[in-house]
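Engineer: Sharing a structure here in structure tokens format.
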Amino acid sequence: MKPPSKSEGLEPPDALMGLIREEVSSPPPAAVSAIAEAARLRHGDAIEAILFYGSVLRDRDDAGRIIDLYLLGDSYERLHGGRVMRKLNALLPPNVYYVETEFEGRTLRAKYALMTLDDFERLTSPRAFHPYFWARFAQPSAMAWAKEDQARKRVESALARSVTTLLTVSRPLMPGQVDSRRLWTGAFQATYATELRAEPPERAAQIYEAGKQRFDRIAEILLPALPVPDEIAQRDARRQWAGRRRLGKLLSVLRLVKAAFTFQDGPDYLAWKISRHSGVKVELTDWQRRHPLLATPSLFWRLYRKGAFR
């Protein structure tokens, strides 16, 4: 197995690629396929692949919930008709949208992130300093749709690279020997701290327990190739993660502001999301709904003082 390097990270071994390939190949529920198709039709032939991930995948239950999808396209020019959305997506991927469709007598709802497959590959690799993508996709995903086998293979490689990037970059934060649970919970805790979220301390353990068999198998494959960090490696890692936390807070705010414009009923959705994660109730005025960009600075400061973010 190729050892990790600062420039390339840990090369995904064949055993990891096999695990990811099997995971991704698991057929999605019919409801997910239906909502994925509704989202794909908005962008036509520009879509290369669609990933299904998040709590609905984890719990296998979409009743009363919003399904999470990632749509990966071939170019921003073909994904967007408008120049503004095209530029916003290229500058700070992904754009986030809302879609719903009727299925077996009920309404399915999903939010989908939209970006190019090229950017997805780049941002799930060690070239991406911030963990927004490689932390998210080190967790389980399924392929809801792929245009062709080549696109599927590219996505599988990016998902495997997400895993190796996350564990290679976070392992130096944990001195001494670690087991699978410590490895994964430590990695998730580090990445949560880089976003505007108020996940409770036990959230990382809950994610691990929900996929324990999968996470333990990956740790069995990769831990032997991850060196025990010395003091210099620990110091360097702490400095880098401090930078990720500073950058992450800014990126989180910018993405939330952008989502207020791309997501149907965006301000109300964002208020619901903040309340769901933090327990802090958010009540918006009509003016804040009409002017999300102007209202954002004061609203975020008020929520920060209430403890909605850490």
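Engineer: Could you tell me which residue out of A151, A90, A36 lies farthest along the dipole of segment 13-164 toward its positive end? Charges go on the beta carbon: Lys and Arg +1, Asp and Glu -1, centred on the Cα centre.
Structural biologist: Positive-end residue among those listed: A90.
Engineer: Taking only protein heavy atoms into account and a 1.4 Å probe, give the accessible area per residue of segment 209-259 in Å².
Structural biologist: Details: 2870 Å² over 51 residues.
Ligands and nucleic acids excluded, the result is 56 Å² per residue.
Engineer: Quick one: pull the percent of accessible area on segment 26-146 belonging to carbon and sulfur, 1.4 Å probe, ligands and nucleic acids left out.
Structural biologist: Numbers: 2490 of 4950 Å².
On segment 26-146, the fraction of accessible area on carbon and sulfur atoms equals 50 percent.
Engineer: Quantify how much of the Cα-Cα distance distribution of segment 6-60 extends past 12 Å, in percent. Provide the component values of the computation, followed by the final result.
Structural biologist: On the way: 1117 of 1485 pairs.
Within segment 6-60, distances greater than 12 Å cover 75 percent of Cα pairs.
Engineer: Considering the options F120, L222, G186, tell which one lies farthest towards the positive end of the dipole of segment 107-246, charges being +1 on Lys and Arg and -1 on Asp and Glu at the Cβ, about the Cα centre.
Structural biologist: In segment 107-246, that residue is F120.
Engineer: Please calculate how many Å² of accessible area segment 123-186 carries per residue, with a 1.4 Å probe and no DNA, RNA or ligand atoms counted.
Structural biologist: Values: 2230 Å² over 64 residues.
Ligands and nucleic acids excluded, the figure is 35 Å² per residue.
Engineer: Based on the Cβ-Cβ distance of T285 and A30, what FRET efficiency does E = 1/(1 + (r/R0)^6) give at R0 = 45 Å, to the nearest 0.05? All intermediate terms of the calculation are to be shown ahead of the outcome.
Structural biologist: Details: r = 41 Å, r/R0 = 0.91.
With R0 = 45 Å, the Cβ-Cβ based efficiency is 0.65.
Engineer: For the residue pair V253 and R65, what label-to-label distance in nm results when each label sits 7 Å from Cα along the Cα-to-beta-carbon direction?
Structural biologist: 3.2 nm
Engineer: Could you list the residues of segment 159-193 with an amide nitrogen less than 12 Å from a label point located 7 Å from the Cα of R203 in the Cα-to-C-beta direction?
Structural biologist: Residues passing the 12 Å test: 188-193.
Engineer: Where does the charge balance sit around R86 when Lys and Arg score +1, Asp and Glu -1, over other residues with C-beta under 15 Å from its C-beta? Intermediate values should be presented prior to the final figure.
Structural biologist: On the way: positive: R42, R78, R83, K87, K258; negative: D74, E77, D118, D119.
Within the 15 Å Cβ shell, the charges total +1.
Engineer: Apply the Debye scattering formula to segment 101-144, with a single equal point scatterer on each alpha-carbon and no solvent, then give log10 I(q)/I(0) at q = 0.13, 0.18, 0.28, 0.29 Å⁻¹.
Structural biologist: Results for segment 101-144 at q = 0.13, 0.18, 0.28, 0.29 Å⁻¹ read -0.43, -0.67, -1.10, -1.14.
Engineer: So, one more: Between R106 and R42, what is the label-to-label distance in nm when each label sits 7 Å out along the Cα-to-Cβ direction?
Structural biologist: Placing both labels 7 Å along Cα→Cβ, they lie 2.2 nm apart.
Engineer: In whole angstrom, how far apart do the alpha carbon centroids of segment 9-47 and segment 133-175 sit?
Structural biologist: Answer, in whole Å: 11.
Engineer: Return the distance in nm (one decimal) between the two label points of a simple spin-label model at R239 and E77, each offset 7 Å from Cα along Cα→Cβ.
Structural biologist: A separation of 4.2 nm, rounded to one decimal place.
Engineer: Leaving out ligands and nucleic acids, and using a 1.4 Å probe, what accessible area per residue does segment 1-120 come to in Å²?
Structural biologist: Working: 5620 Å² over 120 residues.
In whole numbers, segment 1-120 has 47 Å² accessible per residue.
Engineer: Under a Cβ-only charge scheme (Lys and Arg +1, Asp and Glu -1), can you give me the dipole magnitude of segment 1-102 about the Cα centre, in debye to the nearest 20?
Structural biologist: Working: 12 positive and 16 negative charges, 95 e Å.
Roughly 460 debye for segment 1-102.
Engineer: On to the next question. Using the Cα centre of segment 49-183 as the reference point, and only Cβ charges (+1 on K/R, -1 on D/E), how large is the resulting charge dipole? Debye, rounded to the nearest 20.
Structural biologist: On the way: 21 positive and 16 negative charges, 93 e Å.
It works out to roughly 440 debye.
Engineer: Principal axis extents for segment 40-161, Cα atoms only, whole Å, descending order, please.
Structural biologist: In descending order, the Cα extents are 43, 32, 27 Å.
Engineer: Further question: Order of 82-94, 115-127 by packing, highest average Cβ count within 10 Å first?
Structural biologist: Working: 82-94: 15.4, 115-127: 19.5.
With the highest mean Cβ count within 10 Å placed first, the list reads 115-127, 82-94.
Engineer: Let me ask something additional. For segment 136-224, what does the alpha-carbon gyration tensor say about shape, rounded, prolate or oblate, given a ≥ b ≥ c as the root eigenvalues, a/c under 1.5 as rounded, and a/b over b/c as prolate? Spell out each step's value before the answer.
Structural biologist: Values: a/c = 1.98, a/b = 1.53, b/c = 1.29.
Prolate, because a/c is 1.5 or more and a/b exceeds b/c.
The values are calculated or read from the model by the stated rules, or taken from the named source; none is laboratory data. Since the structure is predicted, the reported quantities are computational estimates derived from the model, not experimental observations. Neighbour counts run over all protein chains shown; Cβ positions are idealised from the backbone, glycine included. Note: accessible area is taken over every heavy atom of the protein model, side chains too, but ligands, DNA and RNA are not part of it. Shrake-Rupley method; radii C 1.70, N 1.55, O 1.52, S 1.80 Å.
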